[in-house]
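The values are calculated or read from the model by the stated rules, or taken from the named source; none is laboratory data. Small disclaimer: the values here were computed from a predicted structure and weren't measured. Quick reminder, even Gly has a Cβ in these numbers, built from the backbone with ideal geometry, and neighbours come from all protein chains shown.
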Amino acid sequence: MGRFFHSAFFQKITSWMPGLSSLLQYKREYLGFDIKAGLSVAAVSLPVSIAYAELTGVGAIAGLYSTILPLIVYALFGSSKQLIVGPDTATCAVVAAVVLPLAANDPILRWQLVVILTIMIGIWCIIAGKLHLGALADLLSQPILIGLLNGISITIMVDQLAKTLGFSYDYSYLIERIVYFPFKILQIHIGTALVSFFTLLILIVLKRLKPQYPAPLLAVIVMTFFSWLFNFDHFNIRIIGNVSSDFIPAESWLDFDKGLMRDLVVPSLNIAIICFVSMMITVRSFASKNNYETNADVEFKALGIANIVAGLSQGFVVSGTSSRTAVNDANGGKTQLVSIIAAMLIGLVVLFFLSPLQFIPTCVLGVILIYSSISLINFQTIIRFFKFDRDAFYLSLTTLVSVLVIGIIPGMALAVLLGLFLFLRRVFRPNDQLLGVDESGRIHSISQDVKPLSNTMIYRFNSPLTYFNIAYFKRRIISYVDEAQEPIHYVIVDAIPCFTYKDVSVLSGIDELVKSLKVRNIILILSGRRKTLKNWFKKMNIRLDEEYVEFAYDLYFAVRLVQSKEHMDNKIDDEYDQLS
């Protein structure tokens, strides 16, 4: 067996299925922990999966289909030992925002669009993993993600408020719903509101007194029992109704309008990025906490396969779920076997216990969604951005306001564009600094204790030089030289942070800078990447004036070079004075 584990065939399989390696080499002492964690994960996943199905606008059974096979697939293909995949608050809200306007009031078409969208997302993720685009995890910066999650959470809470109080909105946009909410108070259904209140009470009490218990599941069990006992439907308290395990009718696919798929291409790409980014935050957090490594590209592929499987089993979009992963971790889950155990338990419910689900009050699911969304609210971080990083604050706040005012999809697109513009602005016009030397001879930014060198300017440009900022780079150096209080004889440029790749526009710009400094009788010293820079200029056939440019190994070498030149010049001047 040991020889098999080290064979080329096994290595090839595990490169695609990292979880399989962990399961084949399973340690027996982990079994008790994994069974306990699997039971807990299943207990939490059951009610929230049904609730997210309601949020997405499809039948309750789709929520369970979205959970079973994706859990098993991720356990085999994912690199995280603890991540639990499944329907997620933010992604389900985004899916609903995409699909509901296209499907109008046709439930079958709505389900079909959700399935196709889910498969598209899976395909995008697999392509991204193949192209090694795991770095896209950093595309949605923390300020954007914080603003987005806050906006989505508020949107969900306002939407579900109507369900928990037993009325319906007359407007589709969030702002109008908030403005006209006071006029809906008289339409509140007392019975529905009472059921919602007691559900919330159960969640809060269990959270405080018994945090280890699966509060959502217990709340659903209790309220479903009372729904069956007192026939809530008779009192106009809406219940889920018959939960069928049937799939979408095969004949309905023959009449499906294929042109609608065009409207799903861009949203599916956006949702794929959101799913991956939010998943990687959870993956990295728990991997760091438990001291093991993960692979972003492998995670992209695993997420893609999980979504394709979810779509083929007629479920909807899945992502990494922080709450259920936290449940796994809190219960001591050690390996991917937790996901397989949870999937098997949920599968048993689908096979043998669907009938009781019909009595679940929909307002209970609304309360669970609101309760889950509250955990995503994070205004403290936005306030912290205001104190320490104003750009991050404005970006996060703009994302939040955009989602609330113009909707989740356009708000998200605007936020990503703003983030890219902010990045480009920082690259176009990065900050720079003048450096000096302290009493111990160390080079730092100029301050009260760090003084500039006599007749020398040490300059650092905090961005890679490229064709769109080389002109700004030259202007900054010339302006510093011209505004200096003492004559400048040498300009030392820290080449390491700004010369990162070969760009003919940059190299030509340096030639122009040398000529501009030559007019002022100033020598340019490029410090760092000495051999690389010389090679670049040679290959591009750019011949710099050797009398007015020098290449140094590093900043300290450049300072010594200047001091040596100054010493030699002073010595020559002294000898000349003696001769004269």
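Val559 passes every criterion in (1) in a helix (DSSP H, G or I); (2) modelled with pLDDT of 90 or more; (3) surrounded by 13 or more Cβ atoms within 10 Å (Cβ to Cβ) apart from (2).
When only residues in the stretch 197-245 that are outside any helix (DSSP H, G or I) and without any contact (Cβ under 8 Å) to a residue 24 or more places away in the chain count, which is surrounded by the fewest Cβ atoms within 10 Å (Cβ to Cβ)?
Among those residues, the one meeting the criterion is Pro211.
Looking across Ile119, Ile144, Ile126, one residue alone is in a helix (DSSP H, G or I) and over 18 Å from the mean Cα position of the chain (by Cα). It is Ile119. Which one is nearest to Ala42 (Cα to Cα) among residues in the stretch 205-251 that are at pLDDT below 85 and of a type in the set (S, T, N, Q)? Per the criteria, the residue is Gln212. Per the listing Leu348, Leu357, the residue uniquely at pLDDT 90 or above and either assigned to a helix (DSSP H, G or I) or among the hydrophobic types (A, V, I, L, M, F, W, C) (or both) is Leu348.
Per-residue answers, yes or no, for (1) farther than 23 Å from Leu561 by Cβ; (2) modelled with pLDDT of 90 or more; (3) outside the structural domain of Ile271 (by TED's automatic domain parsing):
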{"residue": "Val405", "(1), (2), (3)": "yes, no, no"}
{"residue": "Ile409", "(1), (2), (3)": "yes, no, no"}
{"residue": "Val437", "(1), (2), (3)": "no, no, yes"}
{"residue": "Ser440", "(1), (2), (3)": "no, no, yes"}
{"residue": "Ile446", "(1), (2), (3)": "no, no, yes"}
{"residue": "Ile458", "(1), (2), (3)": "no, yes, yes"}
{"residue": "Leu465", "(1), (2), (3)": "no, yes, yes"}
{"residue": "Phe473", "(1), (2), (3)": "no, yes, yes"}
{"residue": "Ala484", "(1), (2), (3)": "no, no, yes"}
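The requirement of being at pLDDT 85 or above and surrounded by 11 or more Cβ atoms within 10 Å (Cβ to Cβ) is satisfied by Leu46. When Ala552 is tested against (1) at pLDDT below 90; (2) closer than 25 Å to Leu434 by Cα; (3) of a type in the set (A, V, I, L, M, F, W, C), only condition (1) is not met. Evaluated against (1) of a type in the set (S, T, N, Q); (2) part of a helix (DSSP H, G or I); (3) modelled with pLDDT of 90 or more, Ser15 falls short on exactly one condition, (3).
For the stretch 371-403, residues that are touching a Ser or Thr at 6+ places or on another chain (Cβ under 7 Å) and crowded, with 18+ Cβ neighbours inside 10 Å total 6.
The single residue among Ile446, Ile406, Ile478 that is of a type in the set (Val, Ile, Thr) and under 26 Å from Asp511 (Cβ atoms) turns out to be Ile478. From the list Ser339, Ser323, Ser319, the one residue that fits, being touching a helix residue (DSSP H, G or I) at 6+ places or on another chain (Cβ under 8 Å), buried (at least 21 other Cβ atoms within 10 Å of the Cβ) and under 24 Å from Gly147 (Cα atoms), is Ser319.
Taken over the stretch 166-196, residues that are part of a helix (DSSP H, G or I) and of a type in the set (Phe, Trp, Tyr) amount to 3.
Taking the criterion of being hydroxyl-bearing (Ser, Thr, Tyr), assigned to a helix (DSSP H, G or I), touching a residue at least 60 places away in the same chain (Cβ under 8 Å) and touching a Leu at 6+ places or on another chain (Cβ under 8 Å), would at least one residue in the stretch 306-321 satisfy it? Within the stretch 306-321, not a single residue is hydroxyl-bearing (Ser, Thr, Tyr), assigned to a helix (DSSP H, G or I), touching a residue at least 60 places away in the same chain (Cβ under 8 Å) and touching a Leu at 6+ places or on another chain (Cβ under 8 Å).
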